[in-house]
Amino acid sequence: LAKTTQPISMDSYEGQEVNITCSHNNIATNDYITWYQQFPSQGPRFIIQGYKTKVTNEVASLFIPADRKSSTLSLPRVSLSDTAVYYCLVGDDRGSTLGRLYFGRGTQLTVWP
Amino acid sequence: DGGITQSPKYLFRKEGQNVTLSCEQNLNHDAMYWYRQDPGQGLRLIYYSQIVNDFQKGDIAEGYSVSREKKESFPLTVTSAQKNPTAFYLCASRGSMETQYFGPGTRLLVL
């Protein structure tokens, strides 16, 4: 029941900008797009969430085109500590409905010195 | 200090034994979730509960059971029917108009 598709792995070097794209062709009108970060042996941690256009916080930016069938998480100037798995989710994450969310396999980002 | 706690951090199970993983939250969230994560894999939903005294099966509920007698607590029992229980178990909670918050996880190992 995967609702999203993202690359299994990506590599980068310290100081570079990293863009991870997620495909969600069947996104529903009420769905938000949410990204989580997970370090080994820890629970996932919320990074950013958006509905359309662009959202930016102190950690990342999220770009969503008009058709909302994909989204791109942008991490500026990554460091070694950004090495983690990044999950893209679509769902009514902040709506009044408290149903399930769908996690895929995520993208393993490895940052090299 | 609000958050989600899971205990124990490591749990060992003998063959044929039932074990219970604890999950407690003081965020006043209505919904709670249990996920299983195997090495190199994503999160798979075991059970979730949207309100006290109610819960639904996720994608891999066989061999597991839950209860939701209190809003703050959502314990997961791994029964002897679960033949491959070794995994990392994550609990999460969510309130209306909020995103999911995850606990630190419990690693279950079979002796």
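For the condition among the hydroxyl-bearing types (Ser, Thr, Tyr) and modelled with pLDDT under 90, what is the one hit in A:56, A:29, A:110?
A:29
Out of region B:51-84, which residues are in contact (Cβ under 8 Å) with a residue 40 or more places away in the chain and either loosely packed, with under 14 Cβ neighbours inside 10 Å or touching a strand residue (DSSP E or B) at 6+ places or on another chain (Cβ under 8 Å) (or both)?
B:72, B:73, B:74, B:75, B:76, B:77, B:78, B:79
I need a count of the residues in region B:7-23 that are in a strand (DSSP E or B) and either out of contact with any Leu (no Cβ under 9 Å at 6 or more places or on another chain) or buried (at least 21 other Cβ atoms within 10 Å of the Cβ) (or both).
Of the residues in region B:7-23, 2 are in a strand (DSSP E or B) and either out of contact with any Leu (no Cβ under 9 Å at 6 or more places or on another chain) or buried (at least 21 other Cβ atoms within 10 Å of the Cβ) (or both).
Just give me the residues in region B:64-111 being more than 13 Å from chain A (Cβ to nearest Cβ), closer than 16 Å to residue B:13 by Cβ, assigned to a strand (DSSP E or B) and of a type in the set (Ser, Thr, Tyr), in sequence order.
Answer for region B:64-111, where residues must be more than 13 Å from chain A (Cβ to nearest Cβ), closer than 16 Å to residue B:13 by Cβ, assigned to a strand (DSSP E or B) and of a type in the set (Ser, Thr, Tyr): B:64, B:65, B:77.
What's the number of the condition residue A:63 fails, among (1) out of contact with any Lys or Arg (no Cβ under 8 Å at 6 or more places or on another chain); (2) outside any loop (DSSP other than H, G, I, E, B); (3) without any contact (Cβ under 8 Å) to a residue 12 or more places away in the chain?
(1)
When residue A:105 is evaluated against the numbered criteria (1) part of a loop (DSSP other than H, G, I, E, B); (2) touching a residue at least 60 places away in the same chain (Cβ under 8 Å); (3) more than 14 Å from chain B (Cβ to nearest Cβ), which criterion, by number, is the only one it fails?
Unmet condition: (3).
Going through region B:47-63 one residue at a time, which ones are assigned to a loop (DSSP other than H, G, I, E, B) and more than 8 Å from chain A (Cβ to nearest Cβ)?
B:52, B:53, B:60, B:61, B:62, B:63
Determine the pairs where a residue that is farther than 10 Å from residue B:108 by Cα, located within region B:11-28, has a partner that is hydrophobic (A, V, I, L, M, F, W, C) and not in a strand (DSSP E or B) with Cβ atoms under 6 Å apart, the partner being 6 or more residues away or on another chain.
Once the first residue is farther than 10 Å from residue B:108 by Cα and sits in region B:11-28, its partners that are hydrophobic (A, V, I, L, M, F, W, C) and not in a strand (DSSP E or B) give B:14/B:111; B:23/B:74.
Can you go through A:47, A:20, A:33, A:27 and tell me which one is surrounded by 13 or more Cβ atoms within 10 Å (Cβ to Cβ), assigned to a loop (DSSP other than H, G, I, E, B) and hydrophobic (A, V, I, L, M, F, W, C)?
When all the criteria are applied, what remains is A:27.
Please find, within region B:24-46, the residue that is farthest from residue B:85 (Cα to Cα) out of those that are facing another protein chain (nearest Cβ under 10 Å) and buried (at least 20 other Cβ atoms within 10 Å of the Cβ).
B:29
Quick one: in region A:80-107, of everything that is small (Gly, Ala, Ser) and in contact with a Gly (Cβ under 8 Å, 6 or more places away or on another chain), which residue is modelled with the lowest pLDDT?
The qualifying residue modelled with the lowest pLDDT is A:99.
The values are calculated or read from the model by the stated rules, or taken from the named source; none is laboratory data. Keep in mind that what you see is a predicted model, and the values were worked out from it rather than measured. FYI the Cβ positions are ideal-geometry reconstructions off the backbone, even for glycines, and counts take in every protein chain you see.
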